[in-house]
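To keep things clear, I will list the structure first and then write my remarks on it.
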Amino acid sequence: MKKILILALIFLGLSVGTASAQLINGAGATFPYPLYSKWAHEYNRATGVRLNYQSIGSGGGIRQVTAGTVDFGASDAPLGAKELGDAGLVQFPMAIGGVVPVVNLEGVKPGSLQLTGEVLADIFLGKITKWNDQRITALNPGLKLPDTKITVVRRSDGSGTTWIFANYLSKVSPEWKSKVGFGTAVNWPAGVGGKGNEGVAMYVKRMKNSIGYVEYAYAVQNKLTYTKLGNKAGSFVEPSMETFQSAAANADWKGTPGFGVVLTDQPGKESWPVAGATFILVKKNQSDCKKATEVLKFFDWAYRNGAEMAKSLDYVSIPPAVYGLMEAAWTRDMKCDSQPVWGK
């Protein structure tokens, strides 16, 4: 938490610099906020260009970029080809991470509690209500679990983290798929709501016997107890950069419209089942040519210089082989005054 707060203070400071400096405004997903904060700080040091990013959730980011009130939006929920076309947007991925279940259970250490997707879905459906339920204890022989009510914590705002989590539950639980489904916001059957990854992390940290879901960096930096999950191959795995990379290993970035690859419930013995990419959204037709170029310069810099920073904050960078595909898409799809914004 301390690392996130420091980065947030640095990040906010970037938005109140000299009036003459170039300013880029973005809004959206809380999932990548610590990473975009770090990149913004380093980019400002290197170029003098400032980036102001508001961590308001993926739903808010999509709305604001569509309305043209920000230079870019950020979403962990990839938009489909029709959605992109209808909104006049271009989409590209910036980083890969994982959504992880986190619990507050006395005596339970990170990675010691094992859950399957089906059991996790039934907890969030409100069907499994006690920690010592037979279905949980059967997965955790030897682990002492209390005879107490489970407090479910979920997002209250429109969220790409929710999209990834609910998409996964829809793949492993027919009942979840039919009753709840997935989206940036869903009708939750149970639980209390927290705003942003920050809000869910805070609630879980404060509420005994609770379970929630957050992006991995928030779990690590808040010292939350994450669970193991059974994956598609039948292995119980912990969240890590290696298990996120395994989930992304066979992604078809080239063949997926708008690079909207979904990484949940991927095959592979080492794959984390709730992995996901986080995406940037920009207007296809730009009105401010200089600003549009500055936005793409920042993301180009982040692709080429930001991998170690991503790693230090528990994110996986986009594979270098994908850079060329995305820059080709910028040149092909983004225009200002009928001319390409990138690669002119």
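Among the numbered criteria (1) surrounded by fewer than 24 Cβ atoms within 10 Å (Cβ to Cβ); (2) hydroxyl-bearing (Ser, Thr, Tyr); (3) touching a helix residue (DSSP H, G or I) at 6+ places or on another chain (Cβ under 8 Å); (4) not assigned by TED's automatic domain parsing to the domain that holds Asn52, which one does Tyr303 miss?
For Tyr303, the failing item is (4).
So, in segment 218-239, exactly how many residues are at pLDDT below 95, touching a strand residue (DSSP E or B) at 6+ places or on another chain (Cβ under 9 Å) and surrounded by fewer than 24 Cβ atoms within 10 Å (Cβ to Cβ)?
Residues meeting the conditions: 2.
If you check Val70 against the conditions, is it closer than 26 Å to Glu238 by Cα and buried (at least 19 other Cβ atoms within 10 Å of the Cβ)?
It is false that Val70 is closer than 26 Å to Glu238 by Cα and buried (at least 19 other Cβ atoms within 10 Å of the Cβ).
If you check Gly107, Gly80, which single one turns out to be at positive phi and at pLDDT below 95?
Sole residue among the options that is at positive phi and at pLDDT below 95: Gly107.
Considering only residues of segment 178-194 that are over 19 Å from Glu118 (Cα atoms) and free of Cβ contacts under 8 Å to residues at least 60 places away in the same chain, which is surrounded by the most Cβ atoms within 10 Å (Cβ to Cβ)?
Only one residue tops the list, namely Gly194.
Tell me yes or no: at least one residue of segment 326-344 is part of a helix (DSSP H, G or I), modelled with pLDDT of 90 or more, more than 21 Å from Ala29 (Cβ to Cβ) and among the aliphatic types (A, V, I, L, M).
Looking through segment 326-344, at least one residue is part of a helix (DSSP H, G or I), modelled with pLDDT of 90 or more, more than 21 Å from Ala29 (Cβ to Cβ) and among the aliphatic types (A, V, I, L, M).
Of all the residues that make up segment 11-33, how many are at pLDDT below 90, assigned to a helix (DSSP H, G or I) and either surrounded by 15 or more Cβ atoms within 10 Å (Cβ to Cβ) or on the phi > 0 side of the Ramachandran plot (or both)?
2
If I filter segment 314-322 for residues that are small (Gly, Ala, Ser), under 21 Å from Thr161 (Cα atoms) and crowded, with 16+ Cβ neighbours inside 10 Å, do I get at least one hit?
For segment 314-322, residues small (Gly, Ala, Ser), under 21 Å from Thr161 (Cα atoms) and crowded, with 16+ Cβ neighbours inside 10 Å: present.
So is Ala329 of a type outside the set (D, E, K, R), surrounded by 14 or more Cβ atoms within 10 Å (Cβ to Cβ) and within 26 Å of Gly48 (Cα to Cα) or not?
no
Out of the residues in segment 195-217 that are among the charged types (D, E, K, R) and within 21 Å of Tyr315 (Cβ to Cβ), which is surrounded by the most Cβ atoms within 10 Å (Cβ to Cβ)?
Glu215
The values are calculated or read from the model by the stated rules, or taken from the named source; none is laboratory data. Just so it is clear, the model here is predicted, and its values are computed rather than measured. FYI the Cβ positions are ideal-geometry reconstructions off the backbone, even for glycines, and counts take in every protein chain you see.
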